[in-house]
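These notes are about the structure you will find just below.
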Amino acid sequence: MNSANTYQDRQNWDLDAWPEMYDKLKELRVIIFSSEPGIALNMMVFTVTSQASGCQHCTAHGAYGLTNFGVPLEKVQALWDFTTSPLFDDRERAALAFAAAAGGAPRAITPQHHADLRANFSDAEVRTLIAVSSVAGFMNTYNDSLATVTDQASVDWATVHLGHLGWDVGKHVGAQHEQRENGPGGS
């Protein structure tokens, strides 16, 4: 397959090529991510789930998006070591441990993850955290399977701020004509 065919295939298979589904997915993300326990923690859960699943595209978007929502860069970078970082409280650690377990394959959720969530969150908040990890799982599978080309702004940001933590664009690199117009917060 030559690069021209690769681009055409990606263009035809990308989520943008299915506007009815993509619009509903955007609506779902807005509902879920804006629900309690709040956008910042929900985005951290998305990012850790994506990191655990191995989707570099979604990890870059999640981490970069966190800084756009005002989460300090130091805390975003500490997601790679949330279990011991003093930047996270027990409540955040419970959500992020669940996210890391939910992002793996096979899922590594244990009764202790559920007990920790129950001890720190309401039932509605637990539903939200599970929904965030589930949406991340869908997006991780779709984008990683397609090798979605990550927009250059997100690649540049992640290379500078996450490269030393092991982030690499990997298969999500593309030619200039394949670049998306929008990064996190865009469409």
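So the check is Cβ under 9 Å with 6+ separation or different chains; which pairs have a first residue in the range 154-174 that's at pLDDT below 95 and among the hydroxyl-bearing types (Ser, Thr, Tyr) and a second one that's buried (at least 17 other Cβ atoms within 10 Å of the Cβ) and in a helix (DSSP H, G or I)?
154/57; 154/60; 154/61; 154/63; 154/64; 154/65
Six or more apart or on different chains, Cβ atoms under 8 Å: show the pairs whose first residue is in the range 21-39 and over 14 Å from residue 139 (Cα atoms) and without any contact (Cβ under 8 Å) to a residue 60 or more places away in the chain and whose second is aromatic (Phe, Trp, Tyr) and surrounded by 12 or more Cβ atoms within 10 Å (Cβ to Cβ).
Note: pairs meeting the criteria are 39/33; 39/69.
Do any residues in the range 136-151 that are at positive phi and among the hydrophobic types (A, V, I, L, M, F, W, C) have Cβ atoms under 7 Å from those of residues that are surrounded by fewer than 19 Cβ atoms within 10 Å (Cβ to Cβ) and part of a helix (DSSP H, G or I), where the two are at least six apart or on different chains, and which pairs are they?
Note: pairs meeting the criteria are 147/171.
Check the range 37-51 and report whether any residue there is farther than 23 Å from residue 120 by Cβ, of a type outside the set (Asp, Glu) and in a helix (DSSP H, G or I).
no
Please enumerate the residues belonging to the range 12-69 that are within 21 Å of residue 171 (Cα to Cα), loosely packed, with under 14 Cβ neighbours inside 10 Å and either of a type in the set (S, T, N, Q) or touching a strand residue (DSSP E or B) at 6+ places or on another chain (Cβ under 8 Å) (or both).
Residue satisfying the conditions is 12 alone.
Considering only the range 70-88, state which residues are surrounded by fewer than 24 Cβ atoms within 10 Å (Cβ to Cβ) and either closer than 24 Å to residue 174 by Cβ or in contact (Cβ under 8 Å) with a residue 24 or more places away in the chain (or both).
Residues satisfying the conditions are 70, 71, 73, 76, 77, 80, 82.
The values are calculated or read from the model by the stated rules, or taken from the named source; none is laboratory data. Only a predicted model underlies this, so the values are computations on that prediction, with no experimental measurement involved. Counting neighbours? That spans all protein chains shown, and the Cβs are built from the backbone with ideal geometry, glycine included.
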